[in-house]
1. Just to be sure I understand, how many residues within the range 65-83 are hydrophobic (A, V, I, L, M, F, W, C) and either free of Cβ contacts under 8 Å to residues at least 24 places away in the same chain or in contact with an Asp or Glu (Cβ under 7 Å, 6 or more places away or on another chain) (or both)?
2. Which pairs do you get when a residue that is in contact (Cβ under 8 Å) with a residue 24 or more places away in the chain, found in the range 139-151, comes within reach of a residue that is acidic (Asp, Glu) and in a strand (DSSP E or B), reach meaning Cβ atoms under 8 angstrom, with the pair 6+ apart or on two chains?
3. Please give the number of the condition residue 12 fails out of (1) open to solvent by 40 Å² or more (accessible area, probe 1.4 Å); (2) free of Cβ contacts under 8 Å to residues at least 60 places away in the same chain; (3) under 26 Å from residue 120 (Cα atoms).
4. Out of the range 76-105, which residues are modelled with pLDDT of 90 or more and among the hydroxyl-bearing types (Ser, Thr, Tyr)?
5. Taking the stated definitions as given, is residue 115 out of contact with any helix residue (DSSP H, G or I) (no Cβ under 9 Å at 6 or more places or on another chain), at pLDDT below 95 and either open to solvent by 10 Å² or more (accessible area, probe 1.4 Å) or among the charged types (D, E, K, R) (or both)?
6. Taking the range 126-171 as the search range and keeping residues that are open to solvent by 60 Å² or more (accessible area, probe 1.4 Å) and either of a type in the set (Ser, Thr, Tyr) or modelled with pLDDT of 90 or more (or both), which one is nearest to residue 92 (Cα to Cα)?
Amino acid sequence: MSSSSADSRDQRSQEIDREQGYVSMLYGRLDDLREQASERLSRTMLQAGGTPQERSQRDDTIALYTDQVSRLGAVEQGLCFGRLDFTEDGRRYVGRIGIFDESDDYEPLLLDWRAPAARPFYLATAAAPDGVERRRHIRTDGRTVVDIDDEVLDPTAAEATNGRSRYDGLAGEATLFAALNAARTGRMRDIVETIQAEQDQIIRADLGGVLVVQGGPGTGKTAVALHRAAYLLYTYRKEL
């Protein structure tokens, strides 16, 4: 094995280790949030009596905490699946829910994929990077980071240094191809990690009535429709 190949493997391994540290921190936060919601649910369910209005409020609170416990449990697999490195504004991690740092003015530790700030993860391209220097796909198995794939979108960021690129990894649509070529399990794969620009436009289309999603067999119609429903519930919860 050449020294350059060995260096590249070492660099990749170090990057995976760094991502593991961050992902582990996010799961620690998730565990805390889940425990807090469970404790609040338990305390509320122990309450009894009161006026009809108080009982109604208690029922609403129980429904709220039950929904929180369910939502936090549903994101155990694939909590964090991406990272955006911006040219001038640091980096942001993208995942299935939003997690914030309460001790640091609620700075986002993880962006919900449905949030507007996460949209460059799906829309940024080399032709229109939208301030994104690199898009990283993070692959996990349970709570373990098993691989990373990088897409360099800013050409100046990929300039060679001593004959080598600043970034190693997959480029372009490699992650999508890897997902398409992955072994099928018989269960519908969640597409939130590999949503393409055209699918994102459908998912985030304005709420203006019935939206018909058409396409041939195997084009992801059902998955796109389900993710649009999730986006609408996230964005227009008070209106639906």
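1. Of the residues in the range 65-83, 2 are hydrophobic (A, V, I, L, M, F, W, C) and either free of Cβ contacts under 8 Å to residues at least 24 places away in the same chain or in contact with an Asp or Glu (Cβ under 7 Å, 6 or more places away or on another chain) (or both).
2. Hits for this filter: 139/147; 139/149.
3. (2)
4. Within the range 76-105, just 93 meets the criteria.
5. Here the answer is no, as residue 115 does not meet what is asked.
6. The selected residue is 139.
The values are calculated or read from the model by the stated rules, or taken from the named source; none is laboratory data. Note that the coordinates shown come from a computational prediction; the quantities given were computed from them, not determined experimentally. Don't worry about glycine lacking a Cβ; one is built from the backbone with ideal geometry, like all the others, and counts go over all protein chains shown. These accessible areas exclude ligands, DNA and RNA; they are computed on the full protein's heavy atoms, side chains included. Shrake-Rupley method; radii C 1.70, N 1.55, O 1.52, S 1.80 Å.
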